[in-house]
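Just below is one structure, and these are the notes that go with it.
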Amino acid sequence: MSSRLAQGGMINRQQACRFAFDGAEYSGYAGDSLASALLANDVRLIGRSFKYHRPRGILSAGPEEPNALVELRSGARREPNTRATDVELYDGLQATSQNRWPSLRFDVQAINGLFSPLFVAGFYYKTFMWPASFWEKVYEPMIRRAAGLGRAALEADPDHYEKSWAHCDVLVIGAGPAGLAAALTAARTGARVILADENFALGGRCLAERRTIDGQPAADWAAQAIAELRSLPDVRLFPRTTVFGVFDDGVYGAVERVNDHLPVPPEFQPRQRVWRFIAKQTVLASGSIERPLVFGNNDLPGVMLAGAVRTYVNRYAVLPGRRAVIFTDNDDGWNTAADLVAAGGQVAAIVDSREPVIVSELSRRFPEIQAIAGEVTGARGGRHVESVEVTSRSGTSRRLDCDLVAMSGGWSPTLHLTSHKGNRPRWDEERSIFVPDMLPAGMRVAGAANGDMTLGEALVTGFRQGLTAAAACGFSGSMPTLPRVTDESTRRVPLWRVRQASGKCFVDFQNDVTADDVELTAHEGYRSIEHLKRYTTLGMATDQGKTSNVTGIALLAQQRSMSIAATGTTTFRPPYTPVAMGALAGHHRGMDFRPTRYAPSHRWASELGASFTESGPWLRAEWFPGPGESAWFAPTCREVKAVRSAVGLCDVSTLGKIDVQGPDALKLIERLYANNFATLAVGRARYGIMLREDGFMFDDGTAARLAENRYLITTTTSHAVQVYQHMHLCHQALWPELDVQFVSVTDQWAQFAIAGPRSRELLQRVLDPQIDLSNQAFPFMAAGEVRLRNGEPARLFRISFSGELAYEIAVPGHDGDSLIRALHAAGQDLGVVPYGLEALNVLRVEKGHVVGSELNGQTTAHDLGIGRMLSTQKDFIGSVLGRRANLIDPARPRLVGIRTVDRNAKLAGGMHFIPQGAKCSIEHDQGHVTSVCYSPILEQWIGLGLLTRGPERHGEKVMVVDPLRGAEALVEVCSPVFIDPEGARLRG
Amino acid sequence: MADALHFAFNPGRLGHREGAPGLVLQELTQFTLASVIACKDQAAQAAAAAQRAFGTSPPMAPATAAGNALTFIWSGPGHWLALGPHATGAVEARLGTAFGTHASVFDQSGSRVLLELRGPRARDVLAKGMSIDLHPRAFRTGDVAVTTASHLAVHLWQVADEPVYRLLVVRTWFDSLWRWLAASAAEYGCEVLAPAPYASHTA
């Protein structure tokens, strides 16, 4: 048995599509939606409702669908809560019903319906109140299981998504009659036009209605309009593209379902693409959504929106029922009767809730159909509607057998996008609709979205708004000759609910909110429409109340004896329909979640099998495992020992480097750094510290004077960007009078540390032999230009982070790889080893150098033992506030070294200092351990920490405790410099 | 498929294999590049100095200006990138002499990777990571944008109407940019040509 009509519709009968629903095989045609194909196969029961697990079918034919939600595809491509009415049918489609157990036809939780008094408005708050211990452990999981929507896939999505930008003069949203008209007039002026429509076929209601434009079928007019638009070079058409949000400055978010109509996207193609449309002007032509009527059991499968019935009949050539009852409060419902009859369907009756005089006037057009002035009080049936109870205005009741109820409560403008910038729509009492009021900048509204409901109005307003929008972009054109159309009648007398109904009367189908729930909410004292939404869940979930909002507002207004205008609406926010997280992420997931920055030696280090770690955006080598070594401990100890006894190589290119030039370069440097630079000679470098305005430590590094008016400053890796921003702020906002120029040269220079007693020997082998590296010619803290053995220029700095004799050599970025290889090869007989971040850390802890753990934003120069560096001879950023008494208080936690008393004990970063014998509590806390390491030189765990009055307590023993992980140790407080406190090695 | 898109940056065809590639990509090497920043209130004098030395005046608005040895790429008010073929002799000394006290010069030759992009889908590929409008009405030959591509700072300029673009990206970010470019061009097919020494565009 099939409900497919023998002819007509916009389906391709030459192209059959096999598909499966809940495992059963069916067949439809290309051009079908999943919903139309299911209806054609007489599948009416599609899902179970959210709260009561009531049987649900197909209500609508578009994005407003609250009932027919399915899981699409399977495995990693499973996609929950997909509207069958929006899904384009394809060969091989697999869909599964959701929110039912064990099966769709027999659902255990349908028994919830019997307990429905428990599930009234606010049932979460009323039912699951006590005991409180049950909230998270019992109630929450129970509610989630019972009231679930679909299931998301558990595997990673195998498909590719991407994002893109597109610019235009005029963006037209919606390709129905108004949108096509707007796009035509705008495009004919030569303006750049984007036309987007959520459906896979452009044309909107032109495809769904038996209407003529200029004497030809509306669909043919639409096809001609689309063909003309396609022929214009600066028009881009986007079918399958939902404009889901309006953002600042004419930016519109849209999602294009590039390949959702295929089982698997073709190789190299994305499944979906998120667009940022950047439009100078926008014409919103998003049409309207029909409202259901509120009567008993109005959620039974077979009860549909009247306009949707026309869509199925006219566009998809499907008769959704053999024998229909039409229930309407407006003239438009009667068109459905006409279309059903024309398609060979049977109409048992038209039930019109308005005055008998209107009904009898209209019924003259349909003498063969029984017209009743009255109301449908309830639908009857098990899993599908079988009959309706009708009560006429005279009070007589009767039962009419039917398998389809087409209901129409009038059409609401689809004005969601007009509200995304915070504007609320205005209630038009005369037409009983909300219409757009204040609009986002650059937006115009045409057609039904603006309340201009007839086909003729849609075309006129579309043409006009398209032209005005183009004119606002500087393009001129003229109005075309208006096509001939017969205007339909849109009279309506709103029926917000049937009073004498039998059975549950649903307002919000997706959330199972009934008219009684809304009225109970009012009786319980809720006054705000926003509270109605939160308390009842009306208008929530994936459909956001597209079919229910207006009715809900009207019912609340009635109960409170207020006007609908005064009751107002809730706020529409993006997205208009759900958007997959994957589409929003686009390319940027997995290792592309954020960009990765690779150091110049990366390829060489990975060839050596280095283990890498993330350090901000950088990927840095943490250690280089040798033969038979695993994990971090063995290679780190070996690397440290090699640096202390021979020579090591480390990529330090990640440090920020800023080249400062100009007559006022020194002035800028002096104001930025807290210590003196005026005395720094050309060819020398100096350690420098920067403070924040509030006097706390900001960053440290070195500044080398390369020439009279030229300095190269380095920053920590982690603060490189902030220091550069800080410098620009200072120069542009504070001291624009300074004649100074600076740029980041972090990437210009690949820079490597060569550290260890044999570093001079190694360096000599790669440098021009003429260069004298003796202590006299190139002493500690010397800086200068040198030449490599091959004649290429390089920069050399004699600075040391390890405390050993050490150099840093810099070459242009593209030469970094060859230099590190040359250094490594040249030093084999010297015992050269590459060392990573772990060894670097051990070396600096042994030497008492501070890094980010100590420069943590809460420490001062005094805290870190470098307070004597703060200049008293000059002004600098942070100098005033840094002198505050509390910031130089010796009782503050200050930098110390610690070593375990038991040489086998271990330390962990973050341990707290507690005096011996004191209770481990906050009042005895005396600071914390900032850095720890195992020192292979001292052969024990050591660390740095911030201890109250620390420098006064060298030699004292204190406890370090880690209550979180249950560890503690006794440590001796000592100088933070464990190795070579006199600095003999680095000057060697 | 995300992992399958992790292509090495080697010459060859990537992504969609049939027909002409939508994007043709070539790295240009052996160039000199320098930041030139005018000294305080000296932008006009710096421009005049460049006119004397290189036969072109660095643009005062986002654009490029090709001289006899160098192309000046606008990079900000009073701030340009000077791009030219690799030449012996330090670029800073050469440019420094020309600009004298009117501008400071910073060698950036090692700091960037320079790409040339062409092909019928070049605009579509770039639109997947760049928010600027590359339509011929908005961005023409000689125009430059200091912007981001896939969240990474780049200079992009158009060197021919075809269109042909050149793009400078910070060297240590190049791999991430390339992963995005490769993924974005895959559906149109992408041809990576062997690197070529820099030459100013003469199409």
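Observations, loosely collected:
- Of all residues in segment A:439-453, exactly one satisfies the criterion of being out of contact with any strand residue (DSSP E or B) (no Cβ under 8 Å at 6 or more places or on another chain) and part of a helix (DSSP H, G or I), namely A:447.
- Residue count for segment A:687-701 under the criterion of being over 36 Å from the mean Cα position of the chain (by Cα) and either surrounded by fewer than 19 Cβ atoms within 10 Å (Cβ to Cβ) or free of Cβ contacts under 8 Å to residues at least 60 places away in the same chain (or both): the result is 3.
- Cross-chain or 6+ apart pairs with Cβ under 6 Å, segment A:580-599 first and of a type in the set (Val, Ile, Thr), then outside any loop (DSSP other than H, G, I, E, B): A:596/A:619; A:596/B:176
- If the condition is being closer than 29 Å to residue A:699 by Cα and open to solvent by 30 Å² or more (accessible area, probe 1.4 Å), then segment A:818-839 contributes A:837, A:838.
The rows are residues; the columns are (1) open to solvent by less than 20 Å² (accessible area, probe 1.4 Å); (2) over 38 Å from the mean Cα position of the chain (by Cα); (3) under 23 Å from residue A:762 (Cβ atoms).
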{"site": "A:588", "(1), (2), (3)": "no, no, no"}
{"site": "A:634", "(1), (2), (3)": "no, yes, no"}
{"site": "A:647", "(1), (2), (3)": "yes, yes, yes"}
{"site": "A:653", "(1), (2), (3)": "yes, no, yes"}
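- In the set A:896, A:880, only one residue is touching a residue at least 60 places away in the same chain (Cβ under 8 Å) and surrounded by 15 or more Cβ atoms within 10 Å (Cβ to Cβ); that residue is A:896.
- Residue match in segment B:164-174 (condition: in a loop (DSSP other than H, G, I, E, B) and within 14 Å of chain A (Cβ to nearest Cβ)): no
- Entry remark, segment A:707-725: residues being open to solvent by less than 40 Å² (accessible area, probe 1.4 Å) and within 24 Å of residue A:854 (Cβ to Cβ) number 7 in total.
- Filter result (within 29 Å of residue A:316 (Cβ to Cβ) and open to solvent by 10 Å² or more (accessible area, probe 1.4 Å)) within segment A:354-366: A:363, A:365, A:366
- Among the conditions (1) open to solvent by 50 Å² or more (accessible area, probe 1.4 Å); (2) in contact (Cβ under 8 Å) with a residue 24 or more places away in the chain, residue A:509 misses just one, which is (1).
- Residue within segment A:370-390 that is farther than 24 Å from residue A:515 by Cβ and open to solvent by 10 Å² or more (accessible area, probe 1.4 Å) present: yes
- Residue match in segment B:75-93 (condition: open to solvent by 30 Å² or more (accessible area, probe 1.4 Å), among the hydroxyl-bearing types (Ser, Thr, Tyr) and either farther than 20 Å from residue A:748 by Cβ or assigned by TED's automatic domain parsing to the domain that holds residue B:186 (or both)): no
- In segment B:175-194, residue nearest to the other protein chains (Cβ to nearest Cβ) [restricted to those that are surrounded by fewer than 20 Cβ atoms within 10 Å (Cβ to Cβ) and within 18 Å of residue B:121 (Cβ to Cβ)]: B:191
- Search result, residues across segment A:746-773 that are closer than 25 Å to residue A:844 by Cα, assigned to a loop (DSSP other than H, G, I, E, B) and either at pLDDT below 95 or open to solvent by less than 40 Å² (accessible area, probe 1.4 Å) (or both): A:746, A:747, A:756, A:773
- Residue in segment A:534-554 that is assigned to a loop (DSSP other than H, G, I, E, B) and touching a His at 6+ places or on another chain (Cβ under 7 Å) present: no
- Tally, over segment A:158-205, of residues that are part of a loop (DSSP other than H, G, I, E, B), away from every other protein chain (no Cβ under 14 Å) and touching a Leu at 6+ places or on another chain (Cβ under 9 Å): 8
- Restricting attention to segment A:798-817, the residues that are of a type in the set (Phe, Trp, Tyr) and open to solvent by less than 10 Å² (accessible area, probe 1.4 Å) total 1.
Matching residues to (1) among the basic types (Lys, Arg); (2) at pLDDT below 95; (3) open to solvent by less than 40 Å² (accessible area, probe 1.4 Å):
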{"residue": "A:181", "(1), (2), (3)": "no, no, yes"}
{"residue": "A:192", "(1), (2), (3)": "yes, no, yes"}
{"residue": "A:195", "(1), (2), (3)": "no, no, yes"}
{"residue": "A:198", "(1), (2), (3)": "no, no, no"}
{"residue": "A:206", "(1), (2), (3)": "no, no, yes"}
{"residue": "A:214", "(1), (2), (3)": "no, no, no"}
{"residue": "A:226", "(1), (2), (3)": "no, no, yes"}
{"residue": "A:230", "(1), (2), (3)": "yes, no, no"}
{"residue": "A:237", "(1), (2), (3)": "no, no, yes"}
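- Residue A:868 being surrounded by fewer than 16 Cβ atoms within 10 Å (Cβ to Cβ) and touching a residue at least 24 places away in the same chain (Cβ under 8 Å): no
- Scanning segment B:125-142 for residues that are at the interface with chain A (Cβ under 9 Å from one of its Cβ atoms) and either free of Cβ contacts under 8 Å to residues at least 12 places away in the same chain or not hydrophobic (A, V, I, L, M, F, W, C) (or both) yields B:127, B:128, B:129, B:131, B:133, B:135, B:137, B:138.
- Selected residue (only one of A:16, A:24 is out of contact with any strand residue (DSSP E or B) (no Cβ under 9 Å at 6 or more places or on another chain) and open to solvent by 30 Å² or more (accessible area, probe 1.4 Å)): A:24
- Among residues of segment A:457-498, those that are surrounded by fewer than 18 Cβ atoms within 10 Å (Cβ to Cβ), without any contact (Cβ under 8 Å) to a residue 40 or more places away in the chain and under 30 Å from residue A:554 (Cβ atoms), counted: 1
- Of all residues in segment A:966-988, those satisfying the criterion of being open to solvent by 60 Å² or more (accessible area, probe 1.4 Å) and either hydroxyl-bearing (Ser, Thr, Tyr) or assigned to a loop (DSSP other than H, G, I, E, B) (or both) are A:966, A:981, A:982, A:984, A:985, A:987.
- The set of residues in segment A:186-213 that are touching a Gly at 6+ places or on another chain (Cβ under 7 Å) and over 16 Å from residue A:10 (Cβ atoms) comprises A:186, A:188, A:189, A:195.
- Residue in segment B:70-92 that is among the hydroxyl-bearing types (Ser, Thr, Tyr) and more than 14 Å from chain A (Cβ to nearest Cβ) present: yes
- Residues within segment A:260-281 that are within 8 Å of chain B (Cβ to nearest Cβ), open to solvent by 20 Å² or more (accessible area, probe 1.4 Å) and touching a strand residue (DSSP E or B) at 6+ places or on another chain (Cβ under 6 Å), tallied: 2
- Residue match in segment B:143-163 (condition: within 14 Å of another protein chain (Cβ to nearest Cβ), surrounded by fewer than 19 Cβ atoms within 10 Å (Cβ to Cβ) and in contact (Cβ under 8 Å) with a residue 40 or more places away in the chain): yes
The values are calculated or read from the model by the stated rules, or taken from the named source; none is laboratory data. What you see is a predicted model; the values in this text were computed from it and never measured. Here the Cβ is made from the backbone with ideal geometry for all residues, glycine too, and neighbour counts use every protein chain on show. These area figures cover heavy atoms from the full protein model, side chains too; ligands, DNA and RNA do not enter into them. Shrake-Rupley method; radii C 1.70, N 1.55, O 1.52, S 1.80 Å.
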